[in-house]
1. With the range 142-239 as the region, which strands (runs of 3 or more DSSP E) entirely inside it contain at least 1 residues that are touching a helix residue (DSSP H, G or I) at 6+ places or on another chain (Cβ under 7 Å) and open to solvent by less than 10 Å² (accessible area, probe 1.4 Å)?
2. Being part of a loop (DSSP other than H, G, I, E, B) and either under 22 Å from the mean Cα position of the chain (by Cα) or under 21 Å from T181 (Cα atoms) (or both) is the filter here, so list the residues in the range 120-140 that pass it.
3. Only one of (1) buried (at least 21 other Cβ atoms within 10 Å of the Cβ); (2) outside the structural domain of K202 (by TED's automatic domain parsing) is not met by G139, so which one is it?
4. I need every pair where a residue in the range 37-52 that is over 13 Å from T216 (Cα atoms) has its Cβ under 6 Å from the Cβ of a residue that is surrounded by fewer than 19 Cβ atoms within 10 Å (Cβ to Cβ) and modelled with pLDDT under 90, sequence separation at least 6 or different chains.
5. Out of the range 25-59, which residues are open to solvent by 20 Å² or more (accessible area, probe 1.4 Å), farther than 30 Å from A233 by Cβ and modelled with pLDDT under 95?
6. Within the range 30-42, restricting attention to residues that are of a type outside the set (D, E) and within 18 Å of R8 (Cβ to Cβ), which residue is farthest from the chain's Cα centre (by Cα)?
7. Considering only residues that are closer than 20 Å to R154 by Cβ and modelled with pLDDT of 90 or more, which ones fall in the range 66-89?
8. Inside the range 78-98, can you point out the residues that are more than 18 Å from the chain's Cα centre (by Cα), open to solvent by less than 60 Å² (accessible area, probe 1.4 Å) and not hydrophobic (A, V, I, L, M, F, W, C)?
Amino acid sequence: MTALLEIRKLEAAYGRVVALKGIDLDVKAGEIVTLIGANGAGKSTLMMTIFGYPRARAGTIRFDGRDITAMPAHEIAKLHIAQSPEGRRIFSRMTVFENLQMGASISDPQHFDDNIARIFALFPRLKERINQRGGTLSGGEQQMLAIGRALMSRPRLLLLDEPSLGLAPLLAKQIFKAIRTLNEQDGLAVFLVEQNAFHALKLAHRGYVMVNGAITLSGSGEDLLKRPEVRAAYLEGGH
């Protein structure tokens, strides 16, 4: 199966600091792929480079066979790639409904009602909070809203950056369950950056390990969970 997202020899830097060092990574249609690694490994930089900031210094990013390496972020979004960034970044003064409207800005308006219904089925809590300002929601509800907003564009590929960060274990479990549902019911391809290595690898079809801006290991989620170096670095001691 050809890759929906294909990254080859990707390099990115902030000034003189090289953040990505020749990354090779694929996400196939209908797959959940996770990227794990320590803080500062370059995971979020990779996620942002896919969307054009920072710009790739070398290498290529292809989506559905099309080179998007130098494409502006708003043009990338039109290809039905959506991102739920680290830190959620919802519009805190807007209501839940208004946040979802913002996510629908590049989608066909005739799908709006269907999209809203789909998101409320996935996250019933958002329906209960529909007229509440985003900034007054709990952390878990804000994460649901960030994912819901991304889904309003009817993406073919969803990029999720640290969706469980700062959440209580029960809420994190709800978020991971929603990701599985989206993948199994809708066939949505998901690229997941996540520090909770155990849950991420259990969820993923395949995974990659990043250390200091380079991919050091890859394999099925199940295989990586069994690797002693992965267990020692990311799973033992409750990590």
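The values are calculated or read from the model by the stated rules, or taken from the named source; none is laboratory data. All figures in this text were calculated on a predicted structure; none of them were measured in a lab. Neighbour counts are summed over all protein chains in view; Cβ atoms, including those assigned to glycine, are modelled from backbone coordinates with ideal geometry. Only protein heavy atoms, including side chains, enter the accessible area calculation; ligands, DNA and RNA are left aside. Shrake-Rupley method; radii C 1.70, N 1.55, O 1.52, S 1.80 Å.
1. Answer list for the range 142-239: 157-161, 189-193, 206-211.
2. The answer is F123, L137, S138.
3. Evaluating G139 over (1) buried (at least 21 other Cβ atoms within 10 Å of the Cβ); (2) outside the structural domain of K202 (by TED's automatic domain parsing) leaves (1) as the failure.
4. These pairs meet every condition: S44/E86; F51/A73; G52/A73.
5. R55
6. Looking at the filtered set, the residue picked out is G42.
7. Result: R66, I68, M71, E75, I76, L79, H80, I81, A82.
8. If the condition is that a residue be more than 18 Å from the chain's Cα centre (by Cα), open to solvent by less than 60 Å² (accessible area, probe 1.4 Å) and not hydrophobic (A, V, I, L, M, F, W, C), then T95 is the only one that fits.
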